[in-house]
Each structure stands twice: as C-alpha cells, then as structure tokens.
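Accompanying notes for the structure given below.
The values are calculated or read from the model by the stated rules, or taken from the named source; none is laboratory data. Bear in mind the structure is a predicted one, so any value in this text is a computation, not a measurement. Backbone-built Cβ (ideal geometry, glycine too); neighbour counts: all protein chains shown.
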Ligand SMILES: Nc1ncnc2c1ncn2[C@@H]1O[C@H](COP(=O)(O)OP(=O)(O)O)[C@@H](O)[C@H]1O
Ligand SMILES: [Mg+2]
C-alpha cells in the first residue's frame, strides 16, 4: 500500500511538489494562542492599572492635610484667669484652649466678636484637636502665656474636604455640610496664606480618632509590625523544621501521606476559621488578652504555617538528589547533608515562600476581627500584649465611616498597605538574588 | 560452586604475601526493592589494590551491588539487603557499624559528576573537615593540594581554587569528585559508570587516573563499556538479571569466558 503510493507519485526533481503537512493551520493555531496570551496579559495589566488609579487618585490627597497657621494670643485671662498655675498643674490641662484658637481666627478673619453665631462658626474651622495641640504647646513652653505667637493647628475635616474639592458646592446650601459663609472664610484664609495644605505626618503616627483629620494608622502600623515579627519568629523556624523533617527524615508511609494531605488542606482553610480557633484557644482557653497583637500574631502564624511548609518542601524537593548522594557518599550525616548542602540551596525558595506568607498575613483581616483587634485604640501599644489594630483592619474601620475625609483616608491607608507589601516583595527579590548568586 | 570459591578465598586471605588480599567480601548478597528482588545470592570478593570491574547489561544490578558496598542503599526507603558484606572481615551491616564512618572508608564517585555548588577548594575540603581530619588552614591547604594532585586536576585549577566547582568542564568535574572522594583517605573507592557522561578525551584522562589510583586504593568500577573494563581492571565480574554470572581475571573473562552469557555479552550479542 505504502509502496504503491510512493510509486504512484514519483518525486520529480525538477518541480519538487510541496506536501501539505498542515503548516498553515499550525501557524494559525500558534498565532491564535499568542493572541490569547497577549490579550490575557493586557487585561490583567488593565485591571491592575484601573485598581491602582482609583486607589491612588482617591487616596493621594490623604497624604496632605489642611493646616491653619495664625498668630494666637496666649492670653492669661483665658488660660489662667486666677493665676494659680504654679500651685495647680491641672489649670494648664483644663484651660479653654479652643477659645484661644477661636479668638485668633475671629481676629484673622475680621469677624464681629459680638456676632455669637458667626464666632461659633469660626471656631468650627479648626479641628477639635487644636485643644490638644495648643495645650501641648503651652505645657512645653509655659512662658508663652501672655504673648502672641503664630501657631499651626489642624483644620477641621470638613474644611479639609472643602479645600480639596471633595464637597460639591453646587448642591444647595441647606443640603450641604459647609455653608457659603464658611466657604468664603476658607477662601479668605487661603488667600491670606493662613490656611495651607501640608504633608500629613498624622496619618502615619496618630492613633485612632473619631475626627478624620486626626485619625492615623500609627497604632495599626505598630500592631502589624508586632504581628509580622511574631509570625516570622514562630512560623519560619517551625515551618522549616517541619518541612525538613517531612522531606528528609520522615519515612514515606501512610502517616506522612495523611499529614501531607492535611497540611495542604490547612492552606485552603478560610482564614476566619483560624480566627475562631484563636478566639477559642488563645483567648478563651489560654486567657491571653483580647485585641492584643500577640494573639493576632499567633493566629496569623497558624495561618501562615501551611504556606511556609508547602513552599519549603517544594524548595527542598527542587534540590537535586545528586547533591544529597554526594554529601552522603563522603560520609556526611543526614543532618550535615541537610544543613550544609540542601538547606542553603533551598534558601531562596524558602525565603520567597516565607515572604509570600508574611504578605498574606499582613493583608489578613477576617481572623483579626474575631479576636477583637477591631478596637478603637488611641495609644501606641508598648508591648504585643497591649491592645492594637492592624493595617487592613484600620482600612476596614475607616471604610465604615461615612465622612468624606475618612473615605479619602481609607484609600490613603490602602496605599500605605500596598507600599508595605511592595517593599516586602522587593525585599524578597533582592534577598533571593543575593542568595542565588552563591551558585 | 559457591562452596568452592569460598574455600578458595579463605585460602587467599591466609595465604602468603604474593597471594591477593581480599578487601571486601560479599556473601549470599540479596537486595530487594520493595517486593522486587534485584540481586540473587551474589558472592563476590573485592581484591585489595586492584580494580574490579562490574559489567553486564543495563538493569542487571551492577549499581545495586555497588551501592550495597557502602550502604548507599540505606538511603532508598524500599531497599532491603540480606547476606553478609564485610570490609576487612567486619560485617558492614552490623548494627554496631556507623554508616558515616563506613562511607569515610568506602568512598563513592557517581555516574553524573556532582560537585557541590561551592568552590573547588570547599568541595575537596568538605569531607576532611566534617570528619575532623584537618585542624587548621595549613592542613586544609595541604589536603586540597594533595587530593587535587592525585586526581590529576591540580595544575588545571590551581589558579582558581576559590571559583565554583560547577564551572569546570564535565571531565574536570568528575576528577574533582574523585579528588573529593580521596580527600578523606578512603580505603575503597566505588565508581558507578564514572565516564558515561564524559567525552572520549576526558574519559581517557579519568581512566589513566584510575590506573594510578590502584596503587593506593581498592577500586570497584561499574562500566557498560567493555573496552573500559578491559583497559582499567584486573578483575571483572559479569552480572546478568541480578545474578553474578562469572568473575575472574579480566584477561580471562575477555578472552576465554566460562559462561556462554558472558561470551554473548562481550561479543555484543546483547546489552
Ligand atoms: N531505587 C530503586 N527502586 C526500585 N527499583 C530499583 C531502584 N534502583 C534500581 N532498581 C531496580 O533494580 C534493578 C537493578 O538496577 P541497577 O542496579 O540500577 O542496574 P544497573 O546499574 O546494572 O543498570 C533494576 O531492575 C531496577 O529497575
Ligand atoms: Mg547503573
């Protein structure tokens, strides 16, 4: 049959006939596949760009804060009318500082001091936090009493939003939170150079606050830092030790199979379940304090362990068996084989897995809600036993606030979280490069 | 038949100096991988300061036997060894024998060159260091130089001792592995097809090296090349389907084998 076909179509040297081996179709298929791939990548980049654009455009304003710098008269008649501050330190603590701020602004704006309503409205231009700001200033420099000195105070959140254009001024006056009069004052203050936007350090250092303009992520950053440290210190050694044991020492039998399957399943357990576990074990059973970053760190450790174990085992598996034979062949013990040869070669993979696990933990919210880390914490946690929040939880809490200034801060907080994650990933890449360079 | 050869080797051990000394002795060695038996009652003596070649078709159990000589089979979970294997009369499968110490005495070179991804220097010095054979930098330098000289590699690499061993050519890597093996001063060196991944020139160099090493070491080499077995070995053992078919002086095996299977194999009728 084959012979017949061949002899039936003799090969003519003069006009070699091309056989149809489906080249066209194959190339078309390849082109199609490439197109799908490119389209998928393009879509991915597009969505990433949209995400970043929305977050950044909404949140970048949060890194600026409207401040008011006016000459404030630290009148003794207001601060310490009875001149008793030498005996009673409470005098300086309890003084009517908002009145100082109000008077300063009334003067700066040229408002009639007898117009009670207007004066009260002027006082509302500065944030309530001016009380603390002025008090701290006076406590640090008691000799300012009786003098007039320019002081920078935080503006009210609404003023901030107005200045940043977040308040729609086309809405009829009675249906918006800022009156025409207030808008006029704001413009006047800006024109006089009294009110200006400054870099907002508060969002990085302040604790929780019900006033948007003074709310910050300081406590959340510290809480997240504690938790990451705990996760790193616990999950990395435990995870690596478990992986080394399973991969290099444990006999391969039914038990290790069962353990392997369970570790893989554990990695897929919804994180909120870990929160419940943490609540039951660490808080209710072991009696650790609620809202503490210690408990958060422990819960996140449990959550991160499977990720680290899976990544470490994969990294160990990827080390060529010939290296193990080489080490054993010259009489290294198993332990020496692992620690001198296998582990260094697996280190880049372990590192990457660990940082991915940490990044996951850093962005985790649900389990922390269950262990009470969704608390209103004003003061920095001095130790991991103190109440704290975490970056994603802070975002969650701010996202629940209706105020315009909080919406902006929510996006700002997301930017900060993303920056932390990016920094961790870059660190992973740098470390991996560094380790891999040792051949 | 077995009884006969046993009696003969017993005589060899107690014989006067011109008689060959038996370094390692395998008696009724059976090896199983799980339920599957890979070696059947192998009785083979390894002579001191000689090169013993293990030949036979692929899958006949040469590597398996070789690995049982330094208990590398221990690293395979399913593997089980029965029978006796002795080194200088000591049972190496005795529970009292430390496998780490055994492997320091019976070194191994693998089929594919497998230097550690470290410097040439580190590759060689690793074994002596973990066995506590070197105390200081001078010791280390000495053992590195001596081993590399013995492995015929020193002149080629003396200017780049601290560069990666993985950057050498295949033949150089294999000689580095040999240097690494002899750095711990083993008594026996096992080589599993050490030239199968090398080009002919590198092969010739390694073969020459094996020839020189024979004076100080007992060498067991697995090879699938008849010519190589003929060139480097004094004794040859022919395996087939897990059975030791024939063993004897290399000259005799290659010119006048007793067993028809050996005859067939060396004339290339199967393999
Ligand atoms: N790790 C192992 N697990 C299971 N069977 C193996 C293993 N290594 C070798 N075998 C089997 O043992 C037999 C002998 O193998 P081997 O000693 O490698 O042969 P050779 O080196 O002579 O080619 C073969 O049938 C092979 O399939
Ligand atoms: Mg083999």
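Quick notes
Conditions tested, residue by residue: (1) in contact (Cβ under 8 Å) with a residue 60 or more places away in the chain; (2) buried (at least 22 other Cβ atoms within 10 Å of the Cβ); (3) more than 16 Å from ligand 1 (Cβ to nearest atom).
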site	(1), (2), (3)
B:145	no, no, yes
B:150	yes, no, yes
B:161	no, no, yes
B:169	no, no, yes
B:172	no, yes, yes
B:179	no, yes, yes
B:182	yes, yes, yes
B:193	yes, no, no
B:197	yes, no, no
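- Residues within segment B:110-121 that are within 10 Å of chain A (Cβ to nearest Cβ), under 23 Å from residue B:162 (Cβ atoms) and either surrounded by fewer than 19 Cβ atoms within 10 Å (Cβ to Cβ) or touching a helix residue (DSSP H, G or I) at 6+ places or on another chain (Cβ under 6 Å) (or both), tallied: 5
- The conditions of being under 17 Å from the mean Cα position of the chain (by Cα), in contact (Cβ under 8 Å) with a residue 12 or more places away in the chain, within 16 Å of ligand 2 (Cβ to nearest atom) and over 22 Å from residue B:131 (Cα atoms) are not met by residue B:206.
- Apart from one condition, residue A:166 fits all of (1) assigned by TED's automatic domain parsing to the domain that holds residue A:102; (2) loosely packed, with under 15 Cβ neighbours inside 10 Å; the exception is (2).
A quick yes/no check of all residues on (1) under 30 Å from residue A:66 (Cα atoms); (2) at pLDDT 90 or above; (3) out of contact with any strand residue (DSSP E or B) (no Cβ under 6 Å at 6 or more places or on another chain):
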{"residue": "A:212", "(1), (2), (3)": "yes, no, yes"}
{"residue": "A:222", "(1), (2), (3)": "yes, yes, yes"}
{"residue": "A:284", "(1), (2), (3)": "no, yes, yes"}
{"residue": "A:297", "(1), (2), (3)": "no, yes, yes"}
{"residue": "A:302", "(1), (2), (3)": "no, yes, yes"}
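- Restricting segment B:65-103 to residues that are in contact with a helix residue (DSSP H, G or I) (Cβ under 7 Å, 6 or more places away or on another chain) and near ligand 1 (Cβ under 9 Å from one of its atoms) leaves a set whose member that is farthest from residue A:251 (Cα to Cα) is B:67.
- Evaluation of residue A:290 against the conditions (1) surrounded by fewer than 23 Cβ atoms within 10 Å (Cβ to Cβ); (2) within 14 Å of another protein chain (Cβ to nearest Cβ); (3) touching a helix residue (DSSP H, G or I) at 6+ places or on another chain (Cβ under 8 Å) shows that the sole unmet condition is (2).
- Some residue of segment A:312-325 being within 22 Å of the chain's Cα centre (by Cα) and within 23 Å of residue A:357 (Cα to Cα): no
- Answer residue from segment A:295-323, given it is in contact with a helix residue (DSSP H, G or I) (Cβ under 6 Å, 6 or more places away or on another chain) and within 14 Å of chain B (Cβ to nearest Cβ) and is farthest from residue B:74 (Cα to Cα) among those: A:319
- In segment B:118-151, the residues that are under 23 Å from the mean Cα position of the chain (by Cα) and within 12 Å of residue A:326 (Cβ to Cβ): B:123, B:126, B:127
- Residue in segment B:35-46 that is nearest to ligand 1 (Cβ to nearest atom), counting only those that are surrounded by fewer than 19 Cβ atoms within 10 Å (Cβ to Cβ) and over 11 Å from residue B:81 (Cα atoms): B:36
- One residue alone among A:366, A:423 is assigned by TED's automatic domain parsing to the domain that holds residue A:243 and without any contact (Cβ under 8 Å) to a residue 60 or more places away in the chain, and that residue is A:423.
- Across segment B:65-88, the number of residues qualifying as away from ligand 2 (no atom under 16 Å from the Cβ) and without any contact (Cβ under 8 Å) to a residue 24 or more places away in the chain comes to 1.
- Scanning segment B:75-99 for residues that are crowded, with 16+ Cβ neighbours inside 10 Å and closer than 30 Å to residue B:168 by Cβ turns up B:75, B:99.
- Residues in segment B:125-139 that are more than 10 Å from every other protein chain (Cβ to nearest Cβ) and surrounded by 18 or more Cβ atoms within 10 Å (Cβ to Cβ): B:125, B:134.
- The one condition in (1) more than 16 Å from ligand 2 (Cβ to nearest atom); (2) within 14 Å of chain A (Cβ to nearest Cβ) that residue B:218 fails to fulfil: (2)
- Answer residue from segment B:55-64, given it is in contact (Cβ under 8 Å) with a residue 24 or more places away in the chain and within 8 Å of ligand 1 (Cβ to nearest atom) and is nearest to residue B:262 (Cα to Cα) among those: B:56
- Out of A:431, A:391, A:419, one residue alone is more than 14 Å from chain B (Cβ to nearest Cβ), within 9 Å of the chain's Cα centre (by Cα) and surrounded by 14 or more Cβ atoms within 10 Å (Cβ to Cβ). It is A:391.
- When each of B:190, B:153 is tested for being at pLDDT 95 or above and more than 8 Å from every other protein chain (Cβ to nearest Cβ), the lone residue that passes is B:190.
- Qualifying position, being more than 16 Å from residue B:244 (Cβ to Cβ), under 12 Å from the mean Cα position of the chain (by Cα) and within 14 Å of chain A (Cβ to nearest Cβ), among B:107, B:34: B:107
- Subset of segment A:326-336 (residues that are surrounded by fewer than 21 Cβ atoms within 10 Å (Cβ to Cβ) and in contact with a helix residue (DSSP H, G or I) (Cβ under 7 Å, 6 or more places away or on another chain)): A:333, A:334, A:336
- Out of A:72, A:151, A:91, A:138, sole residue that is in the same structural domain as residue A:190 (by TED's automatic domain parsing), touching a strand residue (DSSP E or B) at 6+ places or on another chain (Cβ under 6 Å), surrounded by 16 or more Cβ atoms within 10 Å (Cβ to Cβ) and over 26 Å from residue A:405 (Cα atoms): A:72
So that you can scan it fast, the table gives a plain yes or no per residue for (1) away from ligand 2 (no atom under 16 Å from the Cβ); (2) closer than 14 Å to residue B:120 by Cβ; (3) touching a helix residue (DSSP H, G or I) at 6+ places or on another chain (Cβ under 6 Å):
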position: B:155; (1), (2), (3): yes, yes, no
position: B:164; (1), (2), (3): yes, yes, no
position: B:173; (1), (2), (3): yes, yes, no
position: B:176; (1), (2), (3): yes, yes, yes
position: B:179; (1), (2), (3): yes, yes, yes
position: B:191; (1), (2), (3): no, no, no
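- Odd one out for residue A:123, checked against (1) in contact (Cβ under 8 Å) with a residue 60 or more places away in the chain; (2) within 36 Å of the chain's Cα centre (by Cα): (1)
- Within the set B:43, B:49, the sole residue that is touching a residue at least 12 places away in the same chain (Cβ under 8 Å), under 18 Å from the mean Cα position of the chain (by Cα), more than 13 Å from ligand 2 (Cβ to nearest atom) and more than 18 Å from residue B:217 (Cβ to Cβ) turns out to be B:43.
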